[in-house]
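No value in this document is a laboratory result; all are computed from the given coordinates. Predicted model, so just to flag it, every value in this text is computed and none were measured. So basically every Cβ, Gly included, is an ideal-geometry build from the backbone, and we count neighbours across all protein chains shown.
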Amino acid sequence: MMNSNQSATLQVAGSGANHAPENTERNGAGPAMVLRGLHKTFEAQVVLNGVDLTVGSGETLAVLGRSGTGKSVLLKLIVGLQKPDSGSILIHGQEITNSNLEAVNEIRKTIGFLFQNAALYDSLTVEENVAFPLRRHTKMSASERADRVKELLAGVGMENELNKMPTELSGGMQKRVGLARALALEPGILLLDEPTAGLDPITSREIDELILKLQEERDVASIVVTHDLHSAKTIADRIVLLHEGNAVIEGTFEELERSDDKFVAEFFKRDS
């Protein structure tokens, strides 16, 4: 869990084989995220090796891959928690890789982030957790914030848990509260890091259904990092598979499932 003194600005995919098609516009809107030629290394380890991705408004892209293949790093690059060694990241048309901290913080307000472990502030109640970005980044009155928090929690089925502490919640309930907080500032982009990790099959299905409902209601551009093939099939419009720093294939779940590529076939056979 997070300490409430940590940054609250977070409400918290080169060319060739690494290129994802750009037919991602919906309802006349341009792409929400355009990533080009992203390289990231940690000492001798190549994590991302020239990855290109484009995500359109209202589209959900699932990012799959083995552990340590750069999936979560990708999300951290998008929100500016880390910087790529080279490459470009456009968020709503604005380049962030060379932006100053003030500009990056403004862009972060347009991005909702669900952390892998929900990352709720452990010293705050459910209500206070969801209200935190509203208190930090808006001029809402106390009554307006309270109404907004109730609305957000009702949207994820947690309206009756306002006064509970995070330690009193199950893993699935914490994810729901984390989603409510991520949506507090009405972001146009939603980043979800392993939203079903550590959850039982029934709770995982409930989280998937909730994500689908929120997508339909809000029409946000989403990137979902996951190891859960069933979840990816359920919630994603497109899927990209990362391997050894490269985006080895991109398409629908059914297209990837039919691939003759050895690694892709092995990956999809794993949970079949």
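Quick notes on this one:
- Length released on extending from Lys150 to Arg218, taking residue separation times 0.36 nm less the Cα-Cα span: 22.8 nm
- Distance in nm between pseudo-label sites at Gln94 and His230 (7 Å out along the Cβ direction from Cα): 4.0 nm
- For the stretch 234-272, the residues whose amide N sits under 15 Å from a probe point set 7 Å from the Cα of Arg205 along the beta carbon direction are 234-235.
- Point-to-point label distance, Gln45-Ser143, nm (Cα→Cβ direction, 7 Å offset): 5.3 nm
- Across q = 0.13, 0.15, 0.16 Å⁻¹, the chain modelled as identical point scatterers on its alpha-carbon atoms has Debye log10 I(q)/I(0) values of -0.83, -1.11, -1.25, in the order of the q list.
- For the pair Lys269 and Leu81 in one chain, pulling the backbone fully straight at 0.36 nm per residue adds 64.3 nm over the alpha carbon distance.
- Bridging of Lys76 to lysines at a Cα separation below 18 Å is possible for Lys40, Lys109, once same-chain residues fewer than 8 apart are set aside.
- Counting only residues at least eight positions apart within a chain, or on another chain, the aspartates and glutamates with an alpha carbon under 19 Å from that of Lys262 are Glu244, Glu250, Glu254, Asp271.
- Anchor Lys269: lysines whose Cα lies under 26 Å away (excluding residues fewer than 8 positions away in-chain): Lys71, Lys233
- The Cβ shell under 13 Å around Ala197 holds other residues with a net charge of -3, Lys and Arg each +1, Asp and Glu each -1.
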